Amino acid sequence: MTVSIVGRTPHPSALNASRRSRELDALAADPVVDVLVIGGGATGAGIALDAASRGLRTVLVERGDLAHGTSRWSSKLVHGGLRYLASGQLGIAHESAAERHLLMTRLAPHLTRALPQVVPLYAPGHMSRGAYLSLGYGLGDGLRRFVGTPGVVLHSPGVIGRRETLRLVPAVDPAALQGAVRGWDGQLIDDARLVVAIARTAAGYGASVLTRVEAVSAAGEGAVLRDVLTGSEIAVRARAVVSATGVWAGELDHALRLRPSRGTHLVVASDRLGGSEASLTVPVPGSSSRFVFTLPAQHGRTYIGITDVPADGPIPDVPHATEPEIEMLLATVNTVLRHPLDRSDVIATFAGLRPLLDGATASDETSDLSRRHAIVASSSGVLSVVGGKLTTYRRMAQDAVDVVAVSRLDGRDAASCRTRGIPLVGAWPRHRLGEIAAASRLVRRYGAEAPFAAGLPDGPAAACGVTAQELHWGVAVEGALSVSDLLDRRTRLGLVAADRESSTDAAAAAFARAGVDPI
């Protein structure tokens, strides 16, 4: 089935099973490319977009689905770098604020929103605590102004009174509450949706985005690729091979020294926290710079996170929360709740592994390691992009392709980076999002493409108000090849077991309506 979509890309951006088959055939017929990207998370998709938009023949391969790894397990925040200011990492703080600015004002206004962060202040000690927090938020606001983010996108922080605090975060304990400090940061509707949007935009600039294709072996001049679905292999020659495989980067470069850090979140029903659309931000006892925060999410859920603990041992395909982490998160947030949460309130958990470079530090705390990214050349010639964070995916990609352009193209001219000015598919000016003729929840997920998604054929709906049209769009336009792709990454219904169970038949029906057999 052909689906008409809105886009600003020079080529069609829809990803689906038919396109995958065509592009695999084309690659087998002509297996010489400029850039081969391994890994389909935010960084890999960003590299594919950057390279393709510079006019380079680009292929991205991912052995699972888009956003299969760390990129779907983040806090869904577009960080402005406040934490890095506090630790003296001025460069990465500025980089974070600059990339947040681009995402919220130009690249993906429809997928981002301003999130109020409310830190309640209790007597005694509320005056000094408020002054300390206000200083930190004030520095972060100075950085916001410096990079040019307007106040209509992110407001200035400030102290708010007791009544306003209870209005924004009604679940807090009112006893001894004096007010709060309210800061602002960016929030994504969903991190996996961001990855899909980046990958589709890359495809719209000519990149081949191939999921369920793994690199059996790789070196600086090419790789052997295997179609996971058929077992067929293609030997690809490339001027540059870039690994964006995150915590799995050591599989391609055994010399890399990574110290993965696990970030765990809890999932609770939003009404358990008063249905708040703000982030309740709670200091971790004994720390002046670490916080546990609540994050309003899709489907009437709220996430509570985040831990930062070493993840030793083999890298799992899907990380899991530990009971001590769950207990720590509950205990911390409960210090400010009127009615504390207990273990039965936790309806799901998720955890992600950050691919941190091992620093020369004697500390056992992964929270002390820098979040700065690096591009590392292996002895085989593969370039690995490691470190960094979701917010700075675009800058990581730019730096990686700059290295490729300088060192791997044999003097061939390559255009300079263009991605600061390339909106992702669906992007629409923030102040005009209300003009899009579709339900607001669809506009937040699809932006300017929402009317096209809403116009697809009707059918069985999934849980939590997810429509048959959204499921169909995931198959026809967003590259979902399996029921799990739809539930775990295109809609996130798979996060809660009951939602997954009640949505599986509707997801299967979406493949039937699109005329595609799920894998």
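Yes/no per residue for (1) under 15 Å from ARG100 (Cβ atoms); (2) polar (S, T, N, Q); (3) in the same structural domain as LEU280 (by TED's automatic domain parsing); (4) in contact with a Gly (Cβ under 8 Å, 6 or more places away or on another chain):
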{"position": "GLY140", "(1), (2), (3), (4)": "yes, no, yes, yes"}
{"position": "GLY158", "(1), (2), (3), (4)": "no, no, yes, no"}
{"position": "VAL181", "(1), (2), (3), (4)": "no, no, yes, yes"}
{"position": "ALA197", "(1), (2), (3), (4)": "no, no, no, yes"}
{"position": "ARG200", "(1), (2), (3), (4)": "no, no, no, yes"}
{"position": "ALA203", "(1), (2), (3), (4)": "no, no, no, no"}
{"position": "VAL209", "(1), (2), (3), (4)": "no, no, no, yes"}
{"position": "LEU225", "(1), (2), (3), (4)": "no, no, no, no"}
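When we screen ARG57, ARG22 for residues that are more than 21 Å from the chain's Cα centre (by Cα), within 14 Å of GLY206 (Cβ to Cβ) and without any contact (Cβ under 8 Å) to a residue 60 or more places away in the chain, the only hit is ARG22. When we screen ALA497, ALA476, ALA415, ALA439 for residues that are in the same structural domain as SER378 (by TED's automatic domain parsing), on the phi < 0 side of the Ramachandran plot and among the aliphatic types (A, V, I, L, M), the only hit is ALA415. Take the conditions (1) in contact (Cβ under 8 Å) with a residue 24 or more places away in the chain; (2) of a type outside the set (A, V, I, L, M); (3) assigned to a loop (DSSP other than H, G, I, E, B); GLY313 misses just one of them, which is (1).
Of all residues in region 452-463, those satisfying the criterion of being surrounded by 15 or more Cβ atoms within 10 Å (Cβ to Cβ) and farther than 15 Å from ALA507 by Cα are PHE452, ALA453, ALA454.
Screening ALA360, ALA414, ALA405 for residues that are modelled with pLDDT under 95, of a type in the set (A, V, I, L, M, F, W, C) and in contact with a helix residue (DSSP H, G or I) (Cβ under 8 Å, 6 or more places away or on another chain) leaves exactly one candidate, ALA414. Taken over region 316-358, residues that are among the acidic types (Asp, Glu), within 20 Å of ASP191 (Cβ to Cβ) and part of a loop (DSSP other than H, G, I, E, B) amount to 1.
Remark: pairs (first residue in region 130-146, over 11 Å from GLY80 (Cβ atoms); second residue in a helix (DSSP H, G or I); Cβ separation under 7 Å; 6+ apart in sequence or on different chains) = GLY136/LEU82; GLY136/ALA86.
Is at least one residue of region 437-450 farther than 24 Å from LEU210 by Cβ, surrounded by 22 or more Cβ atoms within 10 Å (Cβ to Cβ) and more than 21 Å from the chain's Cα centre (by Cα)? Within region 437-450, none of the residues are farther than 24 Å from LEU210 by Cβ, surrounded by 22 or more Cβ atoms within 10 Å (Cβ to Cβ) and more than 21 Å from the chain's Cα centre (by Cα). Residues that are outside any helix (DSSP H, G or I) and closer than 24 Å to ALA448 by Cα within region 89-146 comprise ALA108, THR112, ARG113, ALA114, LEU115, listed in sequence order. When each of ASP499, ASP505 is tested for being surrounded by fewer than 21 Cβ atoms within 10 Å (Cβ to Cβ), farther than 16 Å from ARG200 by Cβ, charged (D, E, K, R) and over 17 Å from the mean Cα position of the chain (by Cα), the lone residue that passes is ASP505. Determine which member of the set ALA427, ALA397 is part of a loop (DSSP other than H, G, I, E, B) and surrounded by 13 or more Cβ atoms within 10 Å (Cβ to Cβ). Only one candidate passes the filter, namely ALA427.
For region 189-212, filtered to residues that are surrounded by fewer than 24 Cβ atoms within 10 Å (Cβ to Cβ) and closer than 16 Å to PRO109 by Cβ, the residue that is farthest from the chain's Cα centre (by Cα) is ILE189. Annotation note: Cβ proximity below 8 Å between a residue of region 217-232 that is under 14 Å from SER380 (Cα atoms) and assigned to a loop (DSSP other than H, G, I, E, B) and a residue that is polar (S, T, N, Q) and modelled with pLDDT under 95 (sequence gap 6+ or interchain) occurs for GLY220/SER378; GLY220/SER380. Residues of region 154-203 that are part of a loop (DSSP other than H, G, I, E, B) and within 30 Å of ALA14 (Cβ to Cβ): ILE189, ASP190. Residues satisfying the criterion are present in region 92-100 (criterion: without any contact (Cβ under 8 Å) to a residue 60 or more places away in the chain and surrounded by fewer than 20 Cβ atoms within 10 Å (Cβ to Cβ)).
When you check ARG144 against the structure, is it buried (at least 24 other Cβ atoms within 10 Å of the Cβ), in contact with a strand residue (DSSP E or B) (Cβ under 9 Å, 6 or more places away or on another chain) and assigned by TED's automatic domain parsing to the domain that holds ARG290, yes or no? Yes: the conditions hold for ARG144. Mind checking which residues of region 221-247 are over 19 Å from ARG22 (Cβ atoms) and crowded, with 19+ Cβ neighbours inside 10 Å? Passing the criteria: GLY222, ALA223, ALA238, ARG239, ALA240, VAL241, VAL242, SER243, ALA244, THR245, GLY246, VAL247.
Here is a yes/no grid of residues against (1) on the phi < 0 side of the Ramachandran plot; (2) touching a residue at least 12 places away in the same chain (Cβ under 8 Å); (3) in contact with a helix residue (DSSP H, G or I) (Cβ under 8 Å, 6 or more places away or on another chain):
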position	(1), (2), (3)
ALA278	yes, yes, yes
SER287	yes, no, no
ARG290	yes, yes, yes
PHE293	yes, yes, no
GLN298	yes, yes, yes
THR302	yes, yes, yes
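The values are calculated or read from the model by the stated rules, or taken from the named source; none is laboratory data. It should be emphasised that the depicted structure is a prediction, and the values quoted were computed from it without experimental measurement. In this analysis, Cβ positions are derived from the backbone assuming ideal geometry, glycine residues included, and neighbour counts consider all displayed protein chains.
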